[in-house]
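Engineer: Below you will find the structure I want to go over with you.
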């Protein structure tokens, strides 16, 4: 009697148990003449056979996870592209950025806010604004006791504060007291080869911040610098400024006064920032190409096969939307993609001719603005932004809805796998482990039983008869 037949007899079936073909599994594991059984391998084989539904679910789960990660990457790349066109459409963005060149930047430099009117201005700096400063007489060191006495600090507003010493305070002590009184001045101790002095400096420049010090002559205060306003003319208009940073003299322009004019006025030229515009346009092309690369990867017919989203209609819709956006023509603009040096390649990507772009920006910047922004922010950039928003809008965008559906499917598959493991596979594994273990024990006892039977029917066989 073979071990397989004996085992089938012990299990009470030669065909199946829990839907598993036990006879086939045992025949493969034990062979036709073996008297032993590998329980672990037998159980694993049976469980594997019963796990077909879970295998299918895992395959589907992997596919869904790949779709989610791919769509999330495309969503990120489309968002980057949308950020680019929003910047090109912004009235404070790179197409509104200005630069200011100065004929003598050692006298005057300047910056201009976005949207500032372009033009040329003439500035003459008569004198810079100064900051009021007082210094005391010299003492041996910062810790030297000062003579008993007092002095007053009178601010530009007329407020007066009296500082009193009793002969035990040092320069450091007096500086700390002044700074603690919040008088609009800052006191510090200056030490050099001649000794230590108390320096008191106004917190801001200009005549309004000038202050005076009076009182005991034993402190020896002098004023090396008086607080005065800057004096300049801008396009022939006289200007007085408490600061050397002048705002308001030219709308949108901030002047930085660095020195007095030497007889020749300084010319400032407010012009469009073509460098920022060029950078923004090139960034748009780079991010557009990344989106097209993402789309093309889904329909690649090489040996690598199609991408996870080849059957997703939203990818086709996205491809159509971005390609159609390139055909937009802004009313009133003589500029188009071609005149910007942007060409469309066979794979749908874009290329930029840098020299053509730079030439157009320098010679027709207003036309470039009109192309991207239109007459009322209804140009090329706004049109593409609206197309992309259909995919990106929170709650209703095509990508958002698509991802919600995929995530829901992913959650369901994971739950199905977990439930199948706990309600089917785990109980089956426990049951088979017990059955096969019992069968193994029976098989191990079978040779002895056969010997005993043989002795009963052939009592002389043990004696060699």
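Engineer: For an R0 of 41 angstrom, estimate the FRET efficiency from the Cβ-Cβ distance between residue 141 and residue 106 and round to the nearest 0.05.
Structural biologist: For R0 = 41 Å, the calculated efficiency reads 0.55.
Engineer: Continuing with the same structure: So if R0 is 35 Å, what FRET efficiency would residue 193 and residue 164 give, r being the distance between their Cβ atoms, rounded to the nearest 0.05?
Structural biologist: On the way: r = 30 Å, r/R0 = 0.86.
So the FRET efficiency works out to roughly 0.70.
Engineer: Here is a follow-up. Over 5 Å intervals from 0, what percent of Cα-Cα pairs in segment 274-388 sits in each interval?
Structural biologist: 2, 11, 20, 22, 18, 11, 7, 5, 3, 1
Engineer: Let me ask you something else. For 384, 406, what ranking results if the residue with the fewest other Cβ atoms within 10 Å of its Cβ goes first? Walk me through the numbers on the way to the answer.
Structural biologist: Details: 384 26, 406 18.
By the 10 Å Cβ count, ascending: 406, 384.
Engineer: Follow-up question, since we're still on this one. Quick check: residue separation of residue 412 and residue 66 times 0.36 nm, minus the Cα distance between them. What number comes out in nm?
Structural biologist: Details: separation 346, 0.36 × 346 = 124.56 nm, distance 1.58 nm.
Stretched fully, the residue 412-residue 66 segment lengthens by 123.0 nm.
Engineer: Work the Kirkwood hydrodynamic radius out for segment 235-322: mean of 1/r over every pair of different alpha-carbon atoms, inverted, in Å. Present the calculation step by step, with values, prior to reporting the outcome.
Structural biologist: Values: mean 1/r = 0.0535 Å⁻¹.
Mean inverse Cα-Cα distance, inverted, gives 18.7 Å.
Engineer: I'm checking a number: the convex hull volume of the Cα atoms of segment 133-225, normalised per residue, in Å³. What is it?
Structural biologist: Details: hull volume 7.7 nm³, N = 93.
So the per-residue Cα hull volume is 83 Å³.
Engineer: Given R₀ = 41 Å, FRET efficiency for residue 247-residue 222 by Cβ-Cβ distance, to 0.05?
Structural biologist: On the way: r = 34 Å, r/R0 = 0.82.
Approximately 0.75, to the nearest 0.05.
Engineer: Students often check this: by mean Cβ neighbours within 10 Å, which of 173-183, 221-231 ranks highest, and how do the rest follow?
Structural biologist: Result, highest mean Cβ count within 10 Å first: 221-231, 173-183.
Engineer: Gain in length, residue 41 to residue 389, computed as 0.36 nm per residue apart minus the alpha-carbon separation, to one decimal in nm? Each step should come with its number before you reach the end.
Structural biologist: Numbers: separation 348, 0.36 × 348 = 125.28 nm, distance 5.64 nm.
Net length gain for the segment: 119.6 nm.
Engineer: Given points 7 Å out from each Cα along the Cα-Cβ axis, report the residue 326 to residue 157 separation in nanometres with one decimal.
Structural biologist: If labels sit at residue 326 and residue 157, their model points lie 6.5 nm apart.
Each reported figure results from applying straightforward, stated rules to the coordinates on display, with no laboratory input. Just so it is clear, the model here is predicted, and its values are computed rather than measured. As a convention, Cβ positions derive from the backbone with ideal geometry for all residues, glycine included, and neighbour counts pool all protein chains shown.
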